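Structure first, then comments.
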Amino acid sequence: MQRKIRILIVEDEEAIRVGLTDVFVFHGYDVECAEEGHSGLSKALSGTFDMVLLDVMLPGVNGFAICERIRARDRDQPIIMLTAKTNDEDIIQGLSLGADDYVTKPFSVAQLVLRVQAVLRRSHVGAASEHRIRLGEGVEVDTRNLSGLRGKQALSFTRREMQVLQYLSENAQRPVPREELLAKVWGYARDLDIETRTVDIHIAKLRRKIEADPSRPKHLVTVRGAGYRLVAD
């Protein structure tokens, strides 16, 4: 399963913290929070987050100091600073300490999500996670290179196989009907009466590659009456 991007939100205002958590979880991110500077700094320095959303005015340790400490340890860690301060001096200070972007309150949540996505795209962490699908039993797929590994065995995929696998990964929270795969991957109109055997053939080929036992699939499973679903275990 494609690894979720992890975001740390360091924000002392509860309403903003809870609201941002809900928004980013909705968009598919794994979110953790800190409500004051000391715990925020400790979590940020753990190296387990792909993005840090960092308020400037925090109890304990302020956001500028946290940003400086993060950047001293990891020059590539994506950081976006959040603040009610709007004067140029504060913005310049945040950016000079190594923040990737600076968002002033009140802000548009939709715009913040877009800016987070933009910073992640520019980062090697975000780029890598967008192109990897990881399943159990040592299966890892590189969607860019149409290749992968199952244990020590090298795998290769056709472009159409990879498109099927990637679409199932992007919709892993639910079974995907054959007709939807035909529409989204092959581009056929949903109202056309098209033989769906082509989907089944591609699923069978994928199972032979990613499953230890294709006759008893654990990752690319059939949900009776609903379609196919990609699961991690």
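Where a number appears in this text, it was derived from the coordinates with a stated rule and is not lab data. Just so we're clear, the structure is a prediction, and the values are computed from it rather than from any experiment. For neighbour counting, all protein chains shown are included, and Cβ atoms are generated from backbone atoms with ideal geometry for every residue, glycine included.
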Report, in deg cm²/dmol and to the nearest 500, the calculated mean residue ellipticity at 222 nm for the chain, where each DSSP H run with n ≥ 4 adds -39500 (n - 2.57) and the sum is divided by the residue count. -11500 deg cm²/dmol
Fluctuation leader among ARG197, ARG207, ARG17 - the chain, Gaussian network, Cα springs under 10 angstrom: ARG197
Inter-part distance where the stretch 47-90 and the stretch 138-159 are each reduced to a Cα centre, Å: 37
Round to the nearest 0.05 the FRET efficiency obtained for GLU89 and GLU180 when R0 = 45 Å and r is the Cβ-Cβ distance. 0.30
Largest fluctuation, LEU20, LEU114, LEU58 only, Gaussian network model of the chain with Cα springs under 10 angstrom, belongs to LEU114
Structure-derived Cα Rg over 2.2 N^0.38 Å - corresponding label in (1) 1.23; (2) 0.95; (3) 1.04: (1)
For the stretch 1-32, list residues with backbone N below 19 Å from a point placed 7 Å from the Cα of HIS38 toward its Cβ? 10-13
When only C-alpha pairs under 8 Å and at least 6 residues apart count, what is the relative contact order of the chain, in percent? 14
In the structure shown, of LYS184/LYS218; LYS152/LYS205; LYS4/LYS152; LYS43/LYS105; LYS184/LYS205; LYS152/LYS209, the pairs separated by more than 22 angstrom at the C-alpha atoms are LYS184/LYS218; LYS4/LYS152; LYS43/LYS105
Obtain the nm distance between the two label points defined at ARG160 and ASP76 by a simple spin-label model: each point lies 7 Å from its Cα along the Cα-to-C-beta direction. 3.7
Rounding to the nearest 20 debye, state how big the charge dipole of the chain is about its Cα centre with +1 on each Lys and Arg Cβ and -1 on each Asp and Glu Cβ. 1400
